[in-house]
1. Determine whether Val58 is of a type in the set (A, V, I, L, M, F, W, C) and in contact (Cβ under 8 Å) with a residue 40 or more places away in the chain.
2. Here is a check on your reading of the model: is Asn21 surrounded by fewer than 19 Cβ atoms within 10 Å (Cβ to Cβ), among the polar types (S, T, N, Q) and within 12 Å of the chain's Cα centre (by Cα)?
3. Do we find that Arg72 is open to solvent by 30 Å² or more (accessible area, probe 1.4 Å) and more than 22 Å from Ser6 (Cβ to Cβ) in this structure?
4. Sort out which residues of segment 36-51 are out of contact with any Pro (no Cβ under 7 Å at 6 or more places or on another chain), open to solvent by 40 Å² or more (accessible area, probe 1.4 Å) and either in a strand (DSSP E or B) or closer than 12 Å to Leu7 by Cβ (or both), and write them in order of number.
5. Being of a type in the set (D, E, K, R), in a loop (DSSP other than H, G, I, E, B) and free of Cβ contacts under 8 Å to residues at least 24 places away in the same chain is the requirement here; does Arg86 meet it?
6. What are the residues in segment 8-18 that are within 16 Å of Thr66 (Cβ to Cβ) and surrounded by 16 or more Cβ atoms within 10 Å (Cβ to Cβ), if any?
7. Go through segment 1-46 and report how many residues are in contact (Cβ under 8 Å) with a residue 24 or more places away in the chain and either in contact with a His (Cβ under 7 Å, 6 or more places away or on another chain) or of a type in the set (A, V, I, L, M) (or both).
8. Among the numbered criteria (1) within 16 Å of Leu32 (Cβ to Cβ); (2) more than 14 Å from the chain's Cα centre (by Cα), which single criterion is violated by Trp99?
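The values are calculated or read from the model by the stated rules, or taken from the named source; none is laboratory data. This one's a predicted model, so the numbers in the text were calculated from it and none came from an experiment. Positions of Cβ are generated from backbone atoms using ideal geometry, with glycine treated the same way; all protein chains shown enter the neighbour counts. Remember, those area values only see protein heavy atoms, side chains included, never the ligands or the DNA or RNA. Shrake-Rupley method; radii C 1.70, N 1.55, O 1.52, S 1.80 Å.
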Amino acid sequence: MAYTSSLPFGEIRDFRDSEINGIPALFTMYRLDPETLPADFHSCEVMGGRGSDFQWLVPLALANFTGTFVTRQPLFREKQTYAEIRRYGIFDATTVDEWSENNPPLLLCDE
């Protein structure tokens, strides 16, 4: 689900290298259409609250939208609808290609 104002992933050019709850991420101030993400990427939106611009991670921020994080791993557990932002950092501007080189897809091990 996306807002009509959501942009396709490939059209966003102002990503920043970031980290959310210990997970490497890309951050943008734009809403993005999650249906346009590459297969090995996940996204969630940031919802502010209680005097903080970065309070909750949600699939779709219906109010107090602050930005979007894109990661290589899910930020929610199964059936989880939100997650508290415990710590985050937003760093230098980067491109998706540069970020992807430094953050390859996670490989699952067979046990």
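1. No.
2. Spelling it out, Asn21 is indeed surrounded by fewer than 19 Cβ atoms within 10 Å (Cβ to Cβ), among the polar types (S, T, N, Q) and within 12 Å of the chain's Cα centre (by Cα).
3. Considered against the rule, which asks whether it is open to solvent by 30 Å² or more (accessible area, probe 1.4 Å) and more than 22 Å from Ser6 (Cβ to Cβ), Arg72 comes out as no.
4. Met47
5. Details: of a type in the set (D, E, K, R): yes; in a loop (DSSP other than H, G, I, E, B): yes; free of Cβ contacts under 8 Å to residues at least 24 places away in the same chain: no.
No; evaluated as a whole, the condition is false for this residue.
6. Within segment 8-18, Ile12, Phe15, Arg16, Ser18 qualify.
7. Here the count works out to 11.
8. So Trp99 meets the others, but not (2).
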